[in-house]
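The structure appears below as structure tokens.
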Amino acid sequence: MLCLEDVVIGIQSQRNSYHARRSGQRKVEILQQAARLGQGVPVVVLLHELSQYEGDWSILPALPRLFAKYGHSASWLFFIEEETEVTLSALLEVLNRYPAQEWFLGKRLRDNEASIIHHYAFSEDPSSFGYPDTAAGWALSAPLLKRLTERIQSENLKSDFTIDLKHEIALFIWEEGHGPKLTAVPEFCTEPRDGCATTHFFLSYFRGDPVSKNDVFVAVKTCQKFHSDRVPVVKATWEKDAGFLEYYSDVTDASIPTISLGVPNTERGHCGKTFAILRRFLSKAVPKADWLLIVDDDTLISLPRLRQLLRCYNPKEAVSLGERYGYGLIQKGYSYTTGGGGMVLSRTAVSRLLSSSCGCYSDDAPDDMVLGRCFTTLGVPITHSPLFHQARPDDYSEEMISTQHAISFHKHWNVDPVAVYRYWLQDTRPRDEL
């Protein structure tokens with residue numbers, strides 16, 4: 001029979017002070033619960049403290065370090081998020097069901113249709129592949145951890161983009177059929193019900209008073225060819241919730257109105273335009289605000305929910321917030337906030353960036369990746385929120401996003417963007433009308 005000393009609990013923590021504090025509180029709660037239970041004490045690891053490497057959040061770089069420290073004494077490695085609540089007695093009951101062999105356990109998510117964020121994997125039958133809802137917790141047995149570590153250390157792994165961590169981890173473990181698929185565990189939950197070993201509370205981010213409308217300056221990137229179709233969607237949905245908002249285009253159009261920053265439109269990245277926005281944000285040309293939100297003209301966003309989330313963060317710190325992606329993280333790459341879901345920067349972060357020598361190597365460089373590389377060089381953590389989304393709702397598991405209070409989605413492709421906004425982002429959420 002397992003006891004808690006056989007379990008290492010890894011909290012997928014972050015370096016930002018708010019998240020470090022919340023994960024520290026979760027660790028204390030777990031250890032206090034273990035003391036009351038009297039069945040041993042688990043090792044509880046905060047992932048951001050495991051090493052100096054910021055890319056440990058992508059899990060694969062962290063596995064060899066976790067195995068070296070705990071792989072010879074622990075039977076299970078159990079990952080949770082900072083807002084995942086764990087009932088340790090129920091967790092032990094679950095883990096005791098599985099004998100000592102390779103196991104990959106979690107709450108099973110699946111795609112209803114082929115998804116761009118999953119590179120259209122399993123396009124003929126997207127629902128055939130399961131991946132874990134990390135908010136509910138997920139577990140690796142010691143034999144599986146050992147084999148994954150050996151593979152990471154011996155193979156020349158492809159180092160590319162990290163987009164959806166939970167799906168990519170499941171693909172890596174499955175190894176095209178050479179490894180185990182995810183085993184669904186009904187006791188790993190996101191919403192509370194009888195018999196759950198875990199639950200998760202996204203609404204904890206929305207407690208307390210929101211920051212003021214005037215604390216957030218909104219910059220919308222657009223160009224002339226989208227003035228007549230994308231900009232009207234912004235005006236029909238979320239523009240009214242902004243305190244300060246400006247549209248930045250390649251031409252001046254008084255009917256919107258737009259502002260030309262003197263940077264020509266580019267078909268690829270928008271680094272030149274974004275850095276011009278950063279400079280304008282710090283200038284006296286616009287009202288002074290604590291936060292800068294940069295979005296695309298086809299971003300759909302709930303500004304009231306964003307302002308509620310921002311109450312968690314200190315604008316006097318250098319904060320870069322949004323949906324976190326990674327590039328080359330297996331080989332000491334960098335993380336970045338993906339632009340389509342919205343990039344939120346504190347005034348302090350913008351000041352540190354523009355005071356440095358880091359910047360665009362060309363006007364059409366990918367702005368979000370350049371910002372991520374610069375902030376990594378400056379030691380500014382890229383802070384992740386699962387409530388921002390780079391793609392459309394259809395590109396995510398409906399079971400997952402229906403438990404969130406999403407802040408943003410991106411792209412108008414093959415959807416009615418106004419209907420998407422009303423269904424997923426408008427506070428009244430009139431779903432019966434659709």
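On the given criteria, is Arg65 assigned by the TED database to the domain that holds Leu145 and touching a Leu at 6+ places or on another chain (Cβ under 7 Å)? Explain how you work it out, then say what you get.
Values: assigned by the TED database to the domain that holds Leu145: yes; touching a Leu at 6+ places or on another chain (Cβ under 7 Å): yes.
The answer is yes for Arg65.
Please count how many residues of region 67-115 are at pLDDT below 95 and open to solvent by 40 Å² or more (accessible area, probe 1.4 Å).
Summing the residues that are at pLDDT below 95 and open to solvent by 40 Å² or more (accessible area, probe 1.4 Å) in region 67-115 gives 6.
Are any residues in region 200-234 of a type in the set (Ser, Thr, Tyr) and either open to solvent by 40 Å² or more (accessible area, probe 1.4 Å) or farther than 24 Å from Thr258 by Cβ (or both), and if so, which ones?
Step one: list which residues in region 200-234 are of a type in the set (Ser, Thr, Tyr), which gives 204-205, 212, 222, 228.
Result: Ser204, Tyr205, Ser212, Ser228.
Condition first: under 22 Å from the mean Cα position of the chain (by Cα) and not in a helix (DSSP H, G or I). Now tell me which residues in region 120-153 satisfy that.
Within region 120-153, Tyr120, Ala121, Phe129, Gly130, Tyr131, Pro132, Asp133, Gly137, Trp138, Ala139, Leu140 meet the criteria.
Yes or no: Ala114 in contact (Cβ under 8 Å) with a residue 24 or more places away in the chain and either assigned by the TED database to the domain that holds Pro64 or at negative phi (or both)?
Details: in contact (Cβ under 8 Å) with a residue 24 or more places away in the chain: no; either assigned by the TED database to the domain that holds Pro64 or at negative phi (or both): yes.
Judged against the criteria, Ala114 is not a match.
Right, Pro304: more than 22 Å from Asp368 (Cβ to Cβ) and either open to solvent by less than 10 Å² (accessible area, probe 1.4 Å) or in contact with a strand residue (DSSP E or B) (Cβ under 7 Å, 6 or more places away or on another chain) (or both) or not?
On the way: more than 22 Å from Asp368 (Cβ to Cβ): yes; either open to solvent by less than 10 Å² (accessible area, probe 1.4 Å) or in contact with a strand residue (DSSP E or B) (Cβ under 7 Å, 6 or more places away or on another chain) (or both): no.
No: the conditions fail for Pro304.
As an exercise: evaluate Thr337 against (1) surrounded by 20 or more Cβ atoms within 10 Å (Cβ to Cβ); (2) more than 22 Å from Gly269 (Cβ to Cβ) and give the number of the one condition it does not meet.
Tallying (1) surrounded by 20 or more Cβ atoms within 10 Å (Cβ to Cβ); (2) more than 22 Å from Gly269 (Cβ to Cβ), Thr337 fails exactly one: (2).
Out of everything in region 309-358 that is out of contact with any Lys or Arg (no Cβ under 7 Å at 6 or more places or on another chain) and free of Cβ contacts under 8 Å to residues at least 40 places away in the same chain, what residue ends up being farthest from Leu378 (Cα to Cα)?
Here the residue is Lys316.
Tell me yes or no: at least one residue of region 54-66 is farther than 11 Å from Glu82 by Cα, open to solvent by 20 Å² or more (accessible area, probe 1.4 Å), among the hydroxyl-bearing types (Ser, Thr, Tyr) and not in a strand (DSSP E or B).
no
Sort out which residues of region 397-413 are at pLDDT 95 or above, within 13 Å of the chain's Cα centre (by Cα) and assigned to a loop (DSSP other than H, G, I, E, B), and write them in order of number.
Scanning region 397-413 gives Ala406, Ile407.
Just checking, which of Arg97, Arg21, Arg36, Arg26 is touching a residue at least 24 places away in the same chain (Cβ under 8 Å) and on the phi < 0 side of the Ramachandran plot? Break it down into steps so the answer makes sense when it comes.
Details: Arg97 fails: touching a residue at least 24 places away in the same chain (Cβ under 8 Å); Arg21 fails: touching a residue at least 24 places away in the same chain (Cβ under 8 Å); Arg36 fails: touching a residue at least 24 places away in the same chain (Cβ under 8 Å).
Exactly one residue qualifies, and that residue is Arg26.
State the number of residues belonging to region 253-288 that are of a type in the set (A, V, I, L, M, F, W, C), open to solvent by less than 50 Å² (accessible area, probe 1.4 Å), closer than 24 Å to Leu321 by Cβ and out of contact with any Lys or Arg (no Cβ under 7 Å at 6 or more places or on another chain).
Going residue by residue through region 253-288, those that are of a type in the set (A, V, I, L, M, F, W, C) are 254, 256, 259, 261, 263, 271, 275-278, 281-282, 285-286.
Checking which are open to solvent by less than 50 Å² (accessible area, probe 1.4 Å) leaves us with 256, 259, 261, 263, 271, 275-278, 281, 286.
Those still in the list that are closer than 24 Å to Leu321 by Cβ too: 261, 271, 275-278, 281, 286.
Then drop every residue that is not out of contact with any Lys or Arg (no Cβ under 7 Å at 6 or more places or on another chain), which leaves 271, 275-278, 281.
The qualifying residues number 6.
The values are calculated or read from the model by the stated rules, or taken from the named source; none is laboratory data. What you are looking at is a predicted structure, and each value in this text was computed from that prediction instead of being measured. Ideal geometry is used to build each Cβ from the backbone, glycine not excepted, and the neighbour counts take in all protein chains shown. Just so you know, the surface numbers come from the protein's heavy atoms only, side chains and all, with ligands and any DNA or RNA stripped out. Shrake-Rupley method; radii C 1.70, N 1.55, O 1.52, S 1.80 Å.
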